[in-house]
Structures are given as C-alpha cells and as structure tokens.
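Each reported figure results from applying straightforward, stated rules to the coordinates on display, with no laboratory input. Since the structure is predicted, the reported quantities are computational estimates derived from the model, not experimental observations. Because the Cβ atoms are built from the backbone with ideal geometry, glycine has one as well, and the counts that use them run over all protein chains shown.
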Amino acid sequence: MNKLEALLAYQEADMKLLDYENKLKNSPARQKLLQVKNYLLEQQDKWKQFETETLERQGKYEQLKQYYDQALSDYKLAEEKYLGITSESKEDIDAIKKQYENVQNTLAKLRRELVKIIKDMGDSEQMVVKMHNSVNSAKQEFTELKEEHQKELDASKDEIEKTKKKVLSAGKKVDKELLELYNKLRQNKPNPVALVVDDKCGGCNMELPYLTRSKIKENSDIIIECENCGRILYYKN
Ligand SMILES: [Zn+2]
C-alpha cells in the first residue's frame, strides 16, 4: 500500500464515521428535541418579560388604588357638603355643586381605569396558567425525546466505537505529514482526498491542467493538491 492508498483507506473509514455521526445528529428524535429545547428557552425569555410587565402593572394598580381611595373620600366630603346646603348664597351653591360634579367625574374616571387594570391582571393570570401548562407539556415531551435519543445513541454505540477504532488503525498507516494535511483540509471538507475522474478533480469537478494530470499518472505516490479546492488528488489506474 502506498502513501495515497493508505490515506484513501483512512478517508473511507473517516467518512463512514462521519456518516454515522450525521445520521445520529439528524435523527428525527434529535431534531425534534432541539425544537422543543428552543421552545423552552424562548418561553424562559417570555417569562422574564412577562414578570417585568406584571410587576409594572402591579405598581400601577397600587398607585391607582391610592388615587381612587383619595378621590372616594373627597367625593364623600363633597357629597356631605352638597346635601347639607341650606341657606348659602347662589354663588356658594354653584361652587359647591361644581366641586361635587368635578369630584364625581374624577372618581368615575379612576374607577374605569381601575376596572381596566383589574381586567388586565385577570387576563395575565389566565396567561400564566396557559404558559405554565404549555411549558409543562413541553418539558414532558423534552424528557421523552431525550430518552428516545439516548436509546439511539446507545444502540449505535458499539458500531461507532468499532468505526472509531478502524479510523484509528487506518490512521496509523498514513504518513504523519500527510495525515496532518488531511486533517487541515478536513476542517472545511468532509472528503479531502479526491479521485481524478475524466481528468477532473472528483471533489470540485475542475478540469486539471495537463501537467498536473501527467505528474499524478507518472508517480502514484506524489502528493498533488487541486489548484482550485486544495484537495489531495488521487488517480486510480
Ligand atoms: Zn478540486
């Protein structure tokens, strides 16, 4: 086995391992698991926002309640004064009436605001229950999917280990420098060794210059990289 044949055997084992790993990574259970996980993280953010809003609303409610209570006692005073009118002058009666009406209007306005905020608080209470239920069932689903995916991982563990060992032993037969080059290329390409097919690089399909082709054909152990994609070219006789 020459240098390139050893490297090609290494690549075959390496790609097999990659296939296994990708299959597990892309399994429906794992994909769904990621979806549910993202949903739960989203809900966490929503929850934080919701808590802030709730606190703001609570503060607003307390302030409004204070204003309302004040307006209510103002109203009672004005009402007593109004009902107690006896022999004041017309100007005085008009002023008392006017004040009574004003206090009444203020009180009505505050009551409407208070009713609205109490309704909002009730709505948000319902929202809490809804969110809580939805998050709970998502958590349940997450646990189930995690178990399912763990089973997938367990089931393929032996096969993955076996393949990893093959990669390791194939790697031992490869020239050290060549393996380093392979690993460097492998970071961006899953298949750093490309077969020359019809005078083209099997990786990027670029037509190879005549000189490159003849160099590879002449010496099957020479390391030549594709000028276009950088892959290590391999020629099969
Ligand atoms: Zn190429």
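In the stretch 113-136, what count of residues is obtained for those that are more than 30 Å from residue 68 (Cα to Cα) and surrounded by 11 or more Cβ atoms within 10 Å (Cβ to Cβ)?
4
For the stretch 209-224, what are the residues that are out of contact with any Leu (no Cβ under 7 Å at 6 or more places or on another chain) and either in a helix (DSSP H, G or I) or within 11 Å of the ligand (Cβ to nearest atom) (or both)?
210, 211, 212, 213, 214, 215, 217, 218 - these are the residues of the stretch 209-224 that are out of contact with any Leu (no Cβ under 7 Å at 6 or more places or on another chain) and either in a helix (DSSP H, G or I) or within 11 Å of the ligand (Cβ to nearest atom) (or both).
I'm checking my understanding of the structure. Among residues of the stretch 43-87 that are hydrophobic (A, V, I, L, M, F, W, C) and in contact (Cβ under 8 Å) with a residue 60 or more places away in the chain, which one is farthest from residue 104 (Cα to Cα)?
47
Just checking, how many residues over the stretch 187-201 are near the ligand (Cβ under 10 Å from one of its atoms), in a loop (DSSP other than H, G, I, E, B) and without any contact (Cβ under 8 Å) to a residue 24 or more places away in the chain?
Residues that pass the stated criteria total 0.
Can you pull out the residues in the stretch 6-28 that are within 10 Å of residue 173 (Cα to Cα) and of a type outside the set (Ser, Thr, Tyr)?
6, 7, 9
Looking at 124, 134, 169 in this structure, which one is away from the ligand (no atom under 16 Å from the Cβ) and over 30 Å from residue 61 (Cβ atoms)?
Result: 169 is the single residue among 124, 134, 169 that is away from the ligand (no atom under 16 Å from the Cβ) and over 30 Å from residue 61 (Cβ atoms).
Which one of these is in contact with a Lys or Arg (Cβ under 7 Å, 6 or more places away or on another chain), in contact (Cβ under 8 Å) with a residue 12 or more places away in the chain and either surrounded by 15 or more Cβ atoms within 10 Å (Cβ to Cβ) or of a type in the set (A, V, I, L, M) (or both): 153, 178?
178 is the lone residue from the list that is in contact with a Lys or Arg (Cβ under 7 Å, 6 or more places away or on another chain), in contact (Cβ under 8 Å) with a residue 12 or more places away in the chain and either surrounded by 15 or more Cβ atoms within 10 Å (Cβ to Cβ) or of a type in the set (A, V, I, L, M) (or both).
Hey, any hits in the stretch 93-106 for a residue that's surrounded by 11 or more Cβ atoms within 10 Å (Cβ to Cβ), within 50 Å of the chain's Cα centre (by Cα) and assigned to a helix (DSSP H, G or I)?
The answer is yes, given that some residue of the stretch 93-106 is surrounded by 11 or more Cβ atoms within 10 Å (Cβ to Cβ), within 50 Å of the chain's Cα centre (by Cα) and assigned to a helix (DSSP H, G or I).
On the basis of being away from the ligand (no atom under 12 Å from the Cβ), of a type in the set (Asp, Glu), part of a helix (DSSP H, G or I) and under 23 Å from residue 2 (Cβ atoms), does residue 177 make the cut?
Against the criterion (away from the ligand (no atom under 12 Å from the Cβ), of a type in the set (Asp, Glu), part of a helix (DSSP H, G or I) and under 23 Å from residue 2 (Cβ atoms)), residue 177 qualifies.
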